[in-house]
1. Looking at 74, 40, 23, 86, can you tell me which residue is at pLDDT below 90 and assigned to a helix (DSSP H, G or I)?
2. Give me the pairs, please: first residue somewhere in region 26-44 and over 22 Å from residue 14 (Cα atoms), second residue anywhere and surrounded by 13 or more Cβ atoms within 10 Å (Cβ to Cβ), beta-carbon distance under 6 Å, and either six or more positions apart or on two chains.
3. Against the condition among the polar types (S, T, N, Q), within 17 Å of residue 520 (Cα to Cα), in contact (Cβ under 8 Å) with a residue 24 or more places away in the chain and out of contact with any Pro (no Cβ under 9 Å at 6 or more places or on another chain), how does residue 495 come out, does it pass?
4. Looking at region 322-339, which of its residues are surrounded by fewer than 18 Cβ atoms within 10 Å (Cβ to Cβ) and within 26 Å of residue 384 (Cα to Cα)?
5. Out of region 493-525, which residues are hydroxyl-bearing (Ser, Thr, Tyr) and either crowded, with 19+ Cβ neighbours inside 10 Å or not in a helix (DSSP H, G or I) (or both)?
6. How about region 400-446: which of its residues are of a type in the set (D, E, K, R), under 24 Å from residue 461 (Cβ atoms) and surrounded by fewer than 23 Cβ atoms within 10 Å (Cβ to Cβ)?
7. Picking from 103, 120, 93, which residue would you name as being part of a strand (DSSP E or B) and in contact (Cβ under 8 Å) with a residue 40 or more places away in the chain?
8. Return the residues of region 133-159 that are part of a strand (DSSP E or B) and not hydroxyl-bearing (Ser, Thr, Tyr); say none if nothing qualifies.
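The values are calculated or read from the model by the stated rules, or taken from the named source; none is laboratory data. Quick caveat, the model's predicted, so the values are computed rather than measured. So basically every Cβ, Gly included, is an ideal-geometry build from the backbone, and we count neighbours across all protein chains shown.
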Amino acid sequence: MAEEQVKRKLTAILSADVKGYSRLMGEDEEATVRTITAYREVMTGLIEGQNGRVVDAKGDNLLAEFPSVVDGVRCAVKIQKELKVRNDEFPENRRMEFRIGINLGDVIEEEGTIYGDGVNIAARLEGIAEGGEICISRMAFDSVKNKLDVGYEYLGEHSVKNIAEPVRVYKVLMEPEYAGEVIGDERPKPRQWRWAAVASAVVLIVVSGAFAVWDFYFRPPPIEPASIEKMAHSLPDKPSIAVLPFDNMSGDPEHDYLADGISENIISALSKTSKLFVIARNSTFTYKGKPVKVQQVSEELGVRYVLEGSVQKSGNRLRVTAQLIDAVKGNHLWSEKYDRKLNDIFVVQDAVTKEIIAALNVELTQGEQARTAAKGTDNLEAYLKVMQAREYVYRHNIESNALAQQLAQEALTIDPKYAMASRILGVTHMHDILLGRSKSPKQSLGKAIELVKKAIELDDANGYTHAAFGFLLVMIRQYDKAVAEAERGVALDPNVADIYAWLGMIYRYVGRWEEAITAYEKAIRLNPIPPNFYLFGLGLAYAWTGRYEEAITELKKAIHNHPDSPYVRLFAAAVYSLAGRNEEARTEAAELLRLNPKFTLKKWGKSLKYKNQDDQERLISALSKAGLK
């Protein structure tokens, strides 16, 4: 009898929730409740206007059903467009964006509520969507395609929790220029199915005969597995990955910044979760332009997974390929090709990031999902200028810094709310001081602080910006605030080597030497081929705690990397002097004066920002013993 009472039906299910709801509630509960109440009323009205019914609405979730998928998708598009208009009235950090998933499935209805896999799939699709987006299942797509003025992007098969079979997912493209387009779906069109079937049979016969030839002559060479025993560093206790610089296939070296930008943005996105271990750009980019084996990368950097790819720009089109490799097993986990408009570069970067995270079986929190997808601007011109500016900043010389400053300013003029442009512009003013280019260091420092502070106001979730601000605060002797900013940076981006290095530098300035050592060591594990400021910073921290042999080891590495750097010689002289190795200290001091004859200890000492005056005097004393005046 119980079976007779079960009511089953085929229905279109819409599942929605709020992106970053916990953060919104944490910041302002009353305002969040007011907004979600108003938005839920809007959504309910639109659902009922499209023949739908709200089944449930608890917390930030909303579940609805429709008699047809067309009604459901049309309603979802109206919801997202209406909420976008309303969100534009709020500051960016208070906007409430819904993610929507739609599925066509068989459900059980009981006392007005619906249950079953059909509902579960809709909820999982909602989780794949980003804020303001709509994702639909293959079943829903087959029912709605060509019936609405929207486009679709095939996102591939997704294994979702508690569902046995992978779900084929499509994102609804609501922009008018995509109407009628289906991107990435290579399935034969309905009118072609008979010919496709015949063709498939012919191909099967041909392929079966030709497979042996292909297997013998054309199969890609196998990937030689990496040896865990030969790795320079122990594998972390979490999925570890190195993202190699993507190859520029455009034939124009001027487009290098585009390929490099995509690689670095993927690194940055992956670095925002503590569930992964991500090697820094500085280390992976040492392989740029070199014929390198995945096995070598894995063993030298101490990672299990390697991502490699290429970028080709042709006019307004962009082709990106990517493949993820398990270096220890020597096999491919995932590969994809994206052939898109240049404007879709943000979508491609987010898609690659999501696929990597899915392939490594990592489940993100809502906050991590939001941070991995952040792009900062919708303006392609501003984005491309910032990518170029960032590459110039890395060169760390006067000419490149001036170019970076100009490009970052142009990007910020185009999009005044672009946080990354504001941060990079601020950093260039800081580098003006460090490179000796500034005519007024005080004015440059003021500009740097203003711009980096503005970047934090525009995007409070970027750890690198907080760390940079921390260093600037040290320069104006606000030590406690500096430590707090850098520690927040690590909490936000727990995989970024430079943030740990900046934290180590700040700990060093406030006299927390043991903590400085820990921070520098973490930075070097994430960036196994580190820049020199990691090495001489760690060396000085070791020396200050009496670990002189370890200190000298790090300084020797720095000297080997940059023997003509006055800063390296300065710190080497200090460490040798602190270690009591006075002859070697004097040798390094002499090299410093050869490289920079105008150096005076008195002038340099005035620039020091140590919180503890005793630490400052001890360092100056050590350099004085080395023969510097």
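1. 23
2. 32/24; 32/25
3. When the stated conditions are applied, residue 495 passes them.
4. Passing the criteria: 323, 335, 336, 337, 339.
5. 500, 507, 509, 520
6. Residues satisfying the conditions are 415, 417.
7. Criteria check complete, one pass: 103.
8. Those that are part of a strand (DSSP E or B) and not hydroxyl-bearing (Ser, Thr, Tyr): 134, 135, 136, 151, 153, 155, 156, 157, 158.
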